[in-house]
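One structure below.
The values are calculated or read from the model by the stated rules, or taken from the named source; none is laboratory data. From a predicted model like this one, the values you see are computed outputs, not experimental measurements. No Cβ is skipped: glycine too gets one built from the backbone with ideal geometry, and neighbour counts run over all protein chains shown. Side chains included, ligands, DNA and RNA excluded: accessible areas come from the protein's heavy atoms. Shrake-Rupley method; radii C 1.70, N 1.55, O 1.52, S 1.80 Å.
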Amino acid sequence: MTQRPRKALIIGAGIAGPVTAIFLKRAGFDAEVYEAWPHATGIGGGLQIAPNGMHVLAELGLADEMIRRGSIAESFDFYSQGGRRLGSVNRNMRERFGQPAVNMCRATLNEALLNKAWCSNVELHFEKRLARIEDRPDQPVVAHFADGSSTEGDFVIGADGVHSATRRHVIPDGPTPFDTGLIGFGGFVPRSLIEGTPIGQRVATTFGQSGFFGYGFCSSDPDDGVMWWSTQPSHGVDAATFRAMDQAALRQHLRGFHAGWHDPIPQIIDAAANIMVTDTLDVATLPTWSRKRTLLIGDAAHATSPHAGQGASLALEDAMRLGRLMRDGQELGLTFQNFEHERRARAEKIVAVARRNGNSKREFSATGAWIRDHMLKWLLPVTSRGMDFMYAYDPRAA
C-alpha cells in the first residue's frame, strides 16, 4: 500500500504561507493553507523585495514576472526636509547581488503567489480564523477555527503575521505586539506626478524634523504606478482613530504634517486617494519558535518593523529554507530546531537594524535634525556597506 504524504496545515495566506506550501509540495508533502480573511484582490500598499527575496521568487519562477509588473529600484536616495540631497545607498544591486531590488504592489505579489500555489495543487481556504490547536500524542494535530470547523494534519506552520494566533499556541503567555509610537500612511498616485522629475528609477526618501516621507515607481499603471508612504510619531493618536477619518480629513492631516516639505511631496499628498493607515508594531524576541508539531515563520516568529525593508524578503527566505530542510527527511522536532538555529541570528540582526532605523524617523529638535542630516551625509557610505549582509544572502545556497 502506498503511504500517503504527510500533510502540513499552514495558517496564513500572506507571503510566507503560500510560498511555504509550494516548497513543501516540492519536498513531497501535502499542504493546505488557511487564511482568516476573505479572498480579496487589490489590498495593501507598495513594498520592495530586496535581492535576497528576489532569489526566492526566481526559484518559484516569478522573478521576471514581478520585475515586469513592478519597477526596479536603482538606488535609495535620501533628502532633507528642504530638498537637500544627503546621500544614496543600494546602488547596482543586480550587479552586486545577482538580483535587483524591485518595487511592487503588495496585492500584485500576493496574487502571483496565490496563483502559483493553486497551480502547485495547494489547497487554499479563506475565512478560516484559527481558534486553537490540539496536539495530542499519537493523534493527528487538529486546527480548530472560529466558525466551528476543524481540520487534521501532521504538523502546523504558523505564517499568520504579527498578530499570529498560532504564536499563542506555541507560547501561551508569550510576547504580544506593541505599538512603537510611529504611524504609517501610504497609498498610490499617478505616474505623471513624478515622471517629469529627476527621480528616474530611484526611490526618494526624506527625513523631516519629525517624520519621514518616501516615494518611487512601483508599476507601469498610469493611475497607480507610484507608491508613497509617510511615517510619523503618533503623539498618542492611534491608527484606528485615523482610519475612522474620511479621505479629505486624512489628506488635510498629511498636508499639515508635511507643510513646507520639498516638491513633489505636497503634490503627492494632494493627489492621494484611498489612503491607508497602519500601526507600526513590534514584538519582543520569542523564547522559541516551535512547540511539538507547530512551527512559527515570518512575522509570526520574528516580526520586523518596515524600517529595514526586509519583512517580506525574510518571509520568503524562511519559506524556502524550511522547504529545503523538510526535504532532508529528519525527525520533525529536529527539523524545527535546525530551522530556528539557522534562521534566528540573521532574522534578529535585521529586526535590530529596523528598530535603529525607526529611531531616525522620530521627532527631533531643529538642532537635532540639522546634526542628524549632516551626520547622514558622512555615515551613509559606511552604513551602506554594513547593510550588504542583508542583500548578499542567497537562500538557495545557504
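Observations on the structure shown:
- P(r), alpha carbons of the chain - 10 Å bins starting at zero, rounded %: 5, 23, 32, 25, 12, 3, 0, 0
- DSSP finds beta bridges in the chain, and of those with both partners inside it, around 70 percent are antiparallel.
- For the chain, averaging the sequence separation of C-alpha pairs within contact (under 8 Å, six or more residues apart) and dividing by the residue count gives a relative contact order of 23 percent.
- Contact order normalised by residue count of segment 203-261, Cα under 8 Å, 6+ apart, percent: 23 percent
- Here the scattering of segment 56-101 is modelled by Debye summation over its C-alpha atoms, one equal scatterer each and no solvent; at q = 0.29, 0.34 Å⁻¹ the log10 of I(q)/I(0) is -1.03, -1.15.
- In loop segments of segment 295-390 as defined by DSSP, the GluC sites (Glu not before Pro) with at most 14 further C-beta atoms inside 10 Å of their C-beta are 331.
- Gaussian network model of the chain, Cα within-10 Å springs - most flexible of 238, 221, 328: 328
- For segment 187-320, Kirkwood radius (reciprocal of mean inverse C-alpha pair distance, Å): 17.0 Å
- Kirkwood Rh in Å, taken over all unlike Cα pairs in segment 310-398: 15.6 Å
- Where the Cα pairs of segment 33-87 fall when distances are cut into 5 Å bins, in %: 4, 12, 16, 15, 18, 14, 9, 6, 4, 1
- Segment 1-106, relative contact order [Cα under 8 Å, separation at least 6], %: 26 percent
- The label-point distance for residue 338 and residue 37, in a model that sets each label 7 Å from Cα toward Cβ, rounds to 3.5 nm.
- Pairs of lysines in the chain whose Cα atoms sit within less than 27 Å of one another amount to 13, provided the residues are eight or more positions apart or on different chains.
- For segment 1-64: Kirkwood Rh in Å [reciprocal of mean 1/r, alpha carbons]: 13.7 Å
- For the residues 222, 51, 306, a GNM of the chain with alpha-carbon springs under 10 Å puts the largest fluctuation on 222.
- Average accessible surface area per residue within the chain, 1.4 Å rolling probe, Å²: 43 Å²
- If the convex hull is drawn through the Cα atoms of segment 5-140, its volume per residue in Å³: 160 Å³
- Taking the accessible area of the chain, probe 1.4 Å, and keeping the other protein chains in place, the carbon and sulfur fraction comes to 51%.
- Per residue, the convex hull spanned by the Cα atoms of segment 213-254 measures out at 89 cubic angstrom.
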